[in-house]
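Engineer: This is the structure I have questions about; it appears just below.
The values are calculated or read from the model by the stated rules, or taken from the named source; none is laboratory data. Keep in mind that what you see is a predicted model, and the values were worked out from it rather than measured. Positions of Cβ are backbone-derived with ideal geometry, glycine not excepted, and every protein chain shown enters the neighbour counts.
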Amino acid sequence: MDQKKRLTSSVLLLTAMLLLAGSAHSQRRKPENQPKYDLNPYHFGFILGMNQMFFTVKTVKDFDKQDTIFAVNSLPEMGFNIGIVSNLRLADYWDLRFIPTLSFGERTMVFTRALHDTLYFDTPKKVESTLLEFPLEVKFKSKRLYNSRAYLLTGIKYTMDLASQAKKKEQDEEIRIKLKKNDFAFEFGVGFDFYATFFKFGTELKMSYGFNDLLKHENNVFAGTIDRLNSKIFQFTFTFE
C-alpha cells in the first residue's frame, strides 16, 4: 500500500509540475516582430481603402418659400482610394505623415419636388468626384503591446477635384450640380498597427470635413435652393509600411 501511495503521490506531483510548466509557458511574453522598426527616422508604404462621400447641405434663408422644391438631401455612395505613405519620426510616440492619395467616388443630391401640391417625387442628381488629396497629419501612438499598438491622428489636407465641371458649359438640357475644383479640409482618425515579420500592417478609420463652399452657384431651380455645400468624407483604409 505504501508503494501505491508513493506512486500515486509521484504521479500527482508530476501532473502538477506539468500543469504549472504549461501555464508558465502560455504566459511567457511573445517575441516581438521588428522590435527596432519605430526607431527608423523615416519609412514609406502605401494604402488601399474605401470611402463614403457626403455633402453637408445648407439651404438658402427663404427655402420654405420655394414653390417647387421642398427638401434637399445628400446620399453617400461607396468609392475607393489608393495612396503613398511617407512617415517621419518626430519622437517616441509622435510621427508626421504625408499621404498623397487618389480617391474615386460620387455623391447623390436628391431634390424632393411637388406636382400640383399633392404629388411629391424625388429628382436625383449624381455628382462624381476624382480627388487628388494631399493630407499632412500628426500621428500620436500608444505604447507598443507585443506586435500591435493603437494611434490617433489629426491634420489638414488640400484637395483638387479632377472631375470638377465648374468651368464647363452645358452641352444639353440637363441641369447639373457643379462643384468647384479646390478645397481644404480638417481630418481626424483612429487606427491600429500590427507588426508582421517583414512589414507593418494597419487599419484606419478617418473622417474629413471641408472648409470651402464647393457649389458653383448658378441660376437654376436646383442650385438656387442651396446656400452652402461642404464636403464630408469617411475613409476606411489598410496601410502597408
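Engineer: Condition first: at pLDDT 90 or above, surrounded by 14 or more Cβ atoms within 10 Å (Cβ to Cβ) and of a type in the set (S, T, N, Q). Now tell me which residues in region 154-168 satisfy that. It would help to see each step written out before you state the result.
Structural biologist: Residues of region 154-168 that are at pLDDT 90 or above, as a first pass: 154-162.
Now drop any that are not surrounded by 14 or more Cβ atoms within 10 Å (Cβ to Cβ), which leaves 155-157, 159, 161.
T159 - this is the single residue of region 154-168 that is at pLDDT 90 or above, surrounded by 14 or more Cβ atoms within 10 Å (Cβ to Cβ) and of a type in the set (S, T, N, Q).
Engineer: Can you work out which of the residues in region 53-93 that are in contact with a helix residue (DSSP H, G or I) (Cβ under 8 Å, 6 or more places away or on another chain) and at pLDDT below 90 is nearest to D183 (Cα to Cα)?
Structural biologist: T59
Engineer: For region 186-241, what are the residues that are in contact with a helix residue (DSSP H, G or I) (Cβ under 7 Å, 6 or more places away or on another chain) and not hydrophobic (A, V, I, L, M, F, W, C)?
Structural biologist: Within region 186-241, the first condition is being in contact with a helix residue (DSSP H, G or I) (Cβ under 7 Å, 6 or more places away or on another chain), and the residues that meet it are 195, 200, 215, 217, 225.
Scanning region 186-241 gives Y195, K200, H217, T225.
Engineer: Pairs needed: first member in region 200-213, farther than 14 Å from L48 by Cβ and in contact (Cβ under 8 Å) with a residue 40 or more places away in the chain; second member anywhere, acidic (D, E) and surrounded by fewer than 19 Cβ atoms within 10 Å (Cβ to Cβ); C-beta distance under 7 Å; at least 6 residues apart or different chains.
Structural biologist: K200/E241
Engineer: Now a separate question. Give the residue that is modelled with the lowest pLDDT, with candidates limited to residues of region 24-46 that are of a type in the set (G, A, S) and loosely packed, with under 10 Cβ neighbours inside 10 Å.
Structural biologist: First pass over region 24-46, keeping only residues of a type in the set (G, A, S): 24, 26, 45.
Retained after the next criterion (residues that are loosely packed, with under 10 Cβ neighbours inside 10 Å): 24, 26.
Values: A24: 50, S26: 47.
Result: S26.
Engineer: Right, something else. Please determine whether any residue of region 106-122 is touching a Leu at 6+ places or on another chain (Cβ under 7 Å), among the acidic types (D, E), over 30 Å from F194 (Cα atoms) and at pLDDT 85 or above.
Structural biologist: Checking region 106-122: not a single residue is touching a Leu at 6+ places or on another chain (Cβ under 7 Å), among the acidic types (D, E), over 30 Å from F194 (Cα atoms) and at pLDDT 85 or above.
Engineer: Of the conditions (1) in contact with a strand residue (DSSP E or B) (Cβ under 6 Å, 6 or more places away or on another chain); (2) farther than 16 Å from T101 by Cβ; (3) hydrophobic (A, V, I, L, M, F, W, C), F198 satisfies every one except a single condition; which number is it?
Structural biologist: All conditions are met except number (1).
Engineer: Sticking with this structure for a sec: Here is a check on your reading of the model: is T237 surrounded by fewer than 15 Cβ atoms within 10 Å (Cβ to Cβ) and touching a residue at least 12 places away in the same chain (Cβ under 8 Å)?
Structural biologist: Details: surrounded by fewer than 15 Cβ atoms within 10 Å (Cβ to Cβ): no; touching a residue at least 12 places away in the same chain (Cβ under 8 Å): yes.
For T237, the condition - surrounded by fewer than 15 Cβ atoms within 10 Å (Cβ to Cβ) and touching a residue at least 12 places away in the same chain (Cβ under 8 Å) - is not met.
Engineer: So Y151 ticks every box in (1) among the hydroxyl-bearing types (S, T, Y); (2) at positive phi; (3) surrounded by 14 or more Cβ atoms within 10 Å (Cβ to Cβ) but one. Which box is left unticked?
Structural biologist: Every condition holds for Y151 apart from (2).
Engineer: What about F199, is it at pLDDT 95 or above, under 22 Å from the mean Cα position of the chain (by Cα) and either of a type outside the set (V, I, T) or surrounded by 17 or more Cβ atoms within 10 Å (Cβ to Cβ) (or both)? Lay out the reasoning, then the answer.
Structural biologist: Working: at pLDDT 95 or above: no; under 22 Å from the mean Cα position of the chain (by Cα): yes; either of a type outside the set (V, I, T) or surrounded by 17 or more Cβ atoms within 10 Å (Cβ to Cβ) (or both): yes.
The answer is no for F199.
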